[in-house]
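What follows is a short report on a single structure.
None of the figures in this text is laboratory data; all of them are computed from the coordinates on show. None of these values were measured; they are calculated from a predicted model. Because the Cβ atoms are built from the backbone with ideal geometry, glycine has one as well, and the counts that use them run over all protein chains shown.
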Amino acid sequence: MHTTVKLPVKRKVAIVEDDPGIREAYQIIINGSKGYRTVATYGNVEALLKEIYKVLPDIVIMDIGLPGINGVEGTFQIKKVLPYVEVIIMTVYEDSKFVFESLKNGASGYISKSSNYMELLNALDEIGRGGAPMSSRIARMVVNEFHASGSDLLTRRETEVLQLIAAGKTYTQIADELLISKETTKVHTRNIYKKLQANTKAEAVSIGFEKKIITR
């Protein structure tokens, strides 16, 4: 009597990276692992979004400095259409602004490109356990930023949006200046209203000046 051995199902990974060499290296690492396989690779976010319902990845490894839509906004767009997809940011940008915006947009982890291949595989495993993998330097940055601004009412990006609202900018102008979508600008504005308990732009700006969140 023959018994059928069921092989473990490998989780599907898509890669968004504009450097072909790095893209290939990630693909080799992932395909050589026991639990993961690469289903598609792309040089930009737009290409992934066109095929996302076709490839249906479980995990997306995302660069930030991409042509067209950057990785921070790309994370938001991916989570909007497929909320279950886990996004791991893997980039040279170790900047608190990018870290916090990526996490706020739904990224599950943020890894430096200086990490070795084992750290990448460990990050994938940690995602599977429900964790949020971060390089040690990134994690320290997050802790330091939290200690520095934990009492602030608004995030850095929300403060930037409010400052531009105070300057009379429209949603479109704010989106263009901050390199985000108009929809993301509106999301930030709704969060500002909620946090400041304001109902209008004028009221939010007035509270922002009063609490010294923004300057005149």
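For residue 182, go through the aspartates and glutamates and keep the ones whose alpha-carbon is under 20 Å away, minus same-chain ones fewer than eight residues off.
46, 73, 101, 158, 160
Applying the Karplus parametrisation 6.51 cos²θ - 1.76 cosθ + 1.60 with θ = phi - 60° to the phi angles of segment 94-105, what ³J(HN,Hα) value in whole Hz is obtained for each residue in order, glycine and proline being reported as x?
Taking θ as phi minus 60°, the curve returns 9, 10, 4, 4, 5, 4, 5, 5, 5, 5, 5, 7 Hz for segment 94-105.
Give me the net charge of residue 105's neighbourhood, meaning all other residues with Cβ under 11 Å from the Cβ of residue 105; Lys, Arg count +1, Asp, Glu -1.
Working: positive: 79, 80, 104, 157; negative: 73, 101.
Taking every other residue near residue 105 into account, the sum is +2.
Remind me, what semi-axes does the chain give for its equivalent ellipsoid, largest first in whole Å, using sqrt of 5 times each Cα gyration tensor eigenvalue?
Details: eigenvalues 274, 65, 48 Å².
The equivalent ellipsoid of the chain has semi-axes of 37, 18, 16 Å.
Given just the C-alpha atoms of segment 5-53, how large is their convex hull per residue in cubic angstrom? Walk me through the intermediate numbers first.
On the way: hull volume 3.1 nm³, N = 49.
That works out to 63 Å³ per residue.
Tilt of helix 20-31 relative to the longest C-alpha principal axis of the chain, in degrees (0 to 90, nearest 10)?
60
Just need the relative contact order of segment 156-210 here, percent rounded to a whole number, with Cα pairs under 8 Å and 6+ apart.
Working: 42 pairs, mean separation 20.1, N = 55.
That works out to 36 percent.
Where Lys and Arg each count +1 and Asp and Glu each count -1, what net charge lies around residue 21 among other residues with Cβ under 15 Å from its Cβ?
Working: positive: 23, 113; negative: 17, 18, 19, 24, 63.
Residues near residue 21 contribute -3 overall.
Quick check on segment 43-103: take the gyration tensor over C-alpha atoms, sort the square-rooted eigenvalues as a ≥ b ≥ c, and tell me if it's rounded (a/c under 1.5), prolate or oblate. Walk me through the numbers before you get to the answer.
Numbers: a/c = 2.06, a/b = 1.55, b/c = 1.33.
Verdict is prolate for segment 43-103.
Can you tell me the length gained on complete extension of the stretch residue 9 to residue 136, counting 0.36 nm per residue apart and subtracting the Cα distance?
On the way: separation 127, 0.36 × 127 = 45.72 nm, distance 3.02 nm.
Going from the current span to full extension adds 42.7 nm.
Taking H as built 1.01 Å from N, whose amide H comes closer than 5 Å to the amide H of residue 214, not counting residues under 5 places away?
Sorted by chain and number, the residues that satisfy this are 209.
Give me the one-decimal Kirkwood hydrodynamic radius in Å for segment 3-106, with the sum taken over alpha-carbon pairs.
Working: mean 1/r = 0.0711 Å⁻¹.
Result for segment 3-106 stands at 14.1 Å.
For the chain, what is the mean residue ellipticity at 222 nm derived from helices alone (per DSSP H run of n ≥ 4: -39500 (n - 2.57); sum divided by total residues; nearest 500 deg cm²/dmol)?
Numbers: 10 runs with 113 residues, N = 216.
So the calculated ellipticity at 222 nm is -16000 deg cm²/dmol.
Considering the convex hull of the alpha carbon atoms of segment 156-210, report its projected area averaged over all viewing directions, in nm², one decimal.
Across all orientations, segment 156-210 yields a mean hull projection of 3.3 nm².
Tell me, what is the FRET efficiency for residue 212 and residue 113 to the nearest 0.05, using R0 = 25 angstrom and their Cβ-Cβ distance as r? Please report the intermediate quantities before stating the final value.
On the way: r = 38 Å, r/R0 = 1.51.
That pair, residue 212 with residue 113, gives E of 0.10.
For segment 156-210, what is the charge dipole size about the Cα centre, in debye to the nearest 20, if Lys and Arg each add +1 at the Cβ and Asp and Glu each add -1 at the Cβ? It would help to have the intermediate numbers written out before the result.
Details: 9 positive and 7 negative charges, 37 e Å.
Charge dipole, segment 156-210, about its Cα centre: 180 debye, nearest 20.
Just tell me which lysines come within less than 16 Å, Cα to Cα, of residue 10; anything on the same chain fewer than 8 places away is out.
Hits, sequence-local ones excluded: 34.
Net charge near residue 189: determine it from the other residues with C-beta under 9 Å of the C-beta of residue 189, scoring Lys and Arg +1 and Asp and Glu -1. Show your work: numbers first, answer last.
Working: positive: 186, 190, 201; negative: 158.
Summing Lys/Arg as +1 and Asp/Glu as -1 gives +2.
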